[in-house]
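To start, the structure itself, in structure tokens.
The values are calculated or read from the model by the stated rules, or taken from the named source; none is laboratory data. Since this is a predicted model, take the numbers as computed values, not measurements. A quick note on method: Cβ atoms are made from the backbone with ideal geometry, for glycine too, and the neighbour counts reach across all protein chains shown. SASA here: full protein model, heavy atoms, side chains in, ligands and nucleic acids out. Shrake-Rupley method; radii C 1.70, N 1.55, O 1.52, S 1.80 Å.
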Amino acid sequence: MELFKVALSLIVIASLSATLSSAHPGFNFGWGGHGGSSGWSFSLFPEFYQFSCPQANDIVMSVLERAIANEPRMAASLLRLHFHDCFVQGCDASVLLDDSATIVSEKNSGPNKNSLRGFEVIDEIKTKLEEVCPQTVSCADILALAARGSTVLSGGPNWELPLGRRDSKTASLTTSNTNIPPPNSTLQNLETLFKRQGLDEVDLVALSGGHTIGMARCVTFKQRLYNQNGNNQPDQTLDKGYYYNLKSVCPQSGGDNNISPLDFASPAKFDNTYFKLILWGKGLLTSDEVLFTGSAGTTMQLVKRYAEDESLFFDQFAKSMVKMGNISPLTGFKGEVRKNCRRVD
């Protein structure tokens, strides 16, 4: 059945290839290339489910609308899920796998444990898709669709999303611990970790703008308040009024799971306020503020430009999300399409 569906996809690709290559010159079907067991290479493209599951995005959006209306914070959680997936083994839904006899789950890594959220929403989307289009839409594509949908429903940009990712049969706890940028990252550390994924400084600043929505736990910014440089002093780049407000939420002892908005001015609205706050010394995480106070003039200028021009930020965020979503996808005959996103079939 699985091979039949892949073969059917090839027929669809063949029928669309001439149209798509002109309409989407970035997509290369690579006939006769070196990818996949068939001897062909495969690329992602927006119309991947045009015939096999044309209602896929509508189903995703219907679940997201309810989930985000019930809890606006969920939009940021789902956006973060996609990010934490792509930075480990590529965008392959490895982050969704639970512990099993063969899997050591990425959910238990330092960046993810007691922090990553939204798994139940992904489960609901997958269940509804399986009812309509059995074993067709991958969990990796669900994560990408949910990230875009969450951005749109929060007031952010839309973009044409290449699809056709397949799901991994493995996970990597170790890589999850080493590849996902920690909240106390220096600018150099951020640039190194993004470069490892083929992402540049423009992508770094634009994608960091995803922090315009969502919350962070006290444990992720406590160091800034009480011992930023190992001298029992706060981060001197913090605005003083903001510093005292954060201290009331995040005590020196305890309170690690208390939460504070990443963008306190409009925490549920996807806009460019995040960059304005950074300019004012009111970025919540060290990894936010160093975009402006770090030594690289490029990131500082980008923060200023995005603070001044929301449409410029929206345009680049969309481009960088597509670029991130293209990190090492499994395509063609590689991987699988899971029936349940939490376990390998």
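Of the conditions (1) touching a Cys at 6+ places or on another chain (Cβ under 9 Å); (2) farther than 24 Å from Asp98 by Cα, Arg165 satisfies every one except a single condition; which number is it?
(2)
What's the total number of residues in region 221-234 that are in contact with an Asp or Glu (Cβ under 9 Å, 6 or more places away or on another chain) and open to solvent by 20 Å² or more (accessible area, probe 1.4 Å)?
4
So, in region 39-61, how many residues would count as being free of Cβ contacts under 8 Å to residues at least 24 places away in the same chain and among the polar types (S, T, N, Q)?
Going through region 39-61 one residue at a time, the tally reaches 0.
Which residue, of Arg196, Arg165, is under 17 Å from the mean Cα position of the chain (by Cα) and crowded, with 19+ Cβ neighbours inside 10 Å?
Being under 17 Å from the mean Cα position of the chain (by Cα) and crowded, with 19+ Cβ neighbours inside 10 Å holds for just one of Arg196, Arg165, which is Arg165.
Please list, ordered by first then second residue, the pairs with beta carbon atoms under 8 Å, 6 or more apart or interchain, first in region 310-330 and in a helix (DSSP H, G or I), second surrounded by 18 or more Cβ atoms within 10 Å (Cβ to Cβ) and of a type in the set (Ser, Thr, Tyr).
Leu312/Tyr306; Phe313/Tyr306; Gln316/Tyr306; Phe317/Thr151; Met321/Thr151
Restricting the search to region 316-345, which residues are open to solvent by 50 Å² or more (accessible area, probe 1.4 Å) and touching a Pro at 6+ places or on another chain (Cβ under 7 Å)?
Correct list: Asn326 only.
Of everything in region 279-309 that's at pLDDT below 95 and assigned to a loop (DSSP other than H, G, I, E, B), which residue is most open to solvent (accessible area, probe 1.4 Å)?
Restricting to residues being at pLDDT below 95 and assigned to a loop (DSSP other than H, G, I, E, B), the top hit is Ser295.
Residues Val121, Val132: which one is open to solvent by 10 Å² or more (accessible area, probe 1.4 Å) and either of a type outside the set (A, V, I, L, M) or closer than 26 Å to Pro183 by Cα (or both)?
Selected residue: Val121, the only one of Val121, Val132 that is open to solvent by 10 Å² or more (accessible area, probe 1.4 Å) and either of a type outside the set (A, V, I, L, M) or closer than 26 Å to Pro183 by Cα (or both).
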